[in-house]
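The values are calculated or read from the model by the stated rules, or taken from the named source; none is laboratory data. The shown structure was predicted, so the numbers you read here are calculated from the model rather than taken from an experiment. Reconstructed Cβ throughout: ideal geometry from the backbone, glycine too, with neighbour counts over all protein chains shown. Side chains are part of the model used for accessible areas, which takes the heavy atoms of the whole protein and leaves out ligands, DNA and RNA. Shrake-Rupley method; radii C 1.70, N 1.55, O 1.52, S 1.80 Å.
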Amino acid sequence: MSVYIPVALRREIETQFNRCCAYCHTAERLVAATFEVEHIVPLAAGGETVLANLCFSCPMCNRYKGVRQTAVDPQTNATVPLFHPHQDEWGKHFAWNEDGSELIGLTETGRATIEALRINRAQLVRVRKMWVKLGEHPPGRQIS
């Protein structure tokens, strides 16, 4: 279900997430797609269209997440909450591998989120390697 997000709220969300996907940290400026405002707790589960429940998301993370709020950690087989961009600290759940092309899950939530959202899918890892060579990735190392 699509919900109208007021322009001012969308801009606030874009700024808060530095125009990067809240999940995979892909910068919107690097891809030929418009990023989306995603309901962290889906409307269908009672989530509201308020700043505390919205994040900036690339289309692929948004599609793979869908209405899910939990996923299975591939290491422990435990069902755990997905990463919550407002309640969880990204760096406590995720880290970049040595060459900056893949995310490593540091917690059950991190691993389950990476798996559920297919954050290390082959196509994205390949393009991340190119972005790294160009000095455009990971976020925070970009050349202006």
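Collect the residues in the stretch 90-144 that are open to solvent by less than 50 Å² (accessible area, probe 1.4 Å) and at positive phi, keeping them in residue-number order. Within the stretch 90-144, GLY100, GLY135 meet the criteria. Beta carbons closer than 6 Å, at least 6 apart along the sequence or on distinct chains, pair a first residue in the stretch 6-18 that is in a helix (DSSP H, G or I) with a second that is surrounded by 14 or more Cβ atoms within 10 Å (Cβ to Cβ) and not β-branched (Val, Ile, Thr) for ILE13/LEU54; ILE13/PHE56; GLU14/PHE56.
Taking the stretch 25-36 as the search range and keeping residues that are open to solvent by 60 Å² or more (accessible area, probe 1.4 Å) and in a loop (DSSP other than H, G, I, E, B), which one is nearest to HIS137 (Cα to Cα)?
Here is the first cut: in the stretch 25-36, the ones open to solvent by 60 Å² or more (accessible area, probe 1.4 Å) are 29, 32, 34.
Checking the rest, the ones that are also in a loop (DSSP other than H, G, I, E, B) come to 32, 34.
Numbers: ALA32: 16, THR34: 18 Å.
Filtering first and then ranking leaves ALA32.
From the list ALA22, ALA52, the one residue that fits, being under 19 Å from GLU136 (Cα atoms) and small (Gly, Ala, Ser), is ALA22. Figure legend. Inter-residue proximity from the stretch 41-57: first residues within 15 Å of ILE13 (Cβ to Cβ), second residues open to solvent by less than 10 Å² (accessible area, probe 1.4 Å) and assigned to a helix (DSSP H, G or I), beta-carbon distance below 6 Å, spacing 6+ or different chains. Indicated pairs: LEU54/ILE13; PHE56/ILE13.
Within the stretch 69-89, the set of residues being under 14 Å from the mean Cα position of the chain (by Cα) and open to solvent by less than 40 Å² (accessible area, probe 1.4 Å) comprises LEU82, PHE83, HIS84, PRO85.
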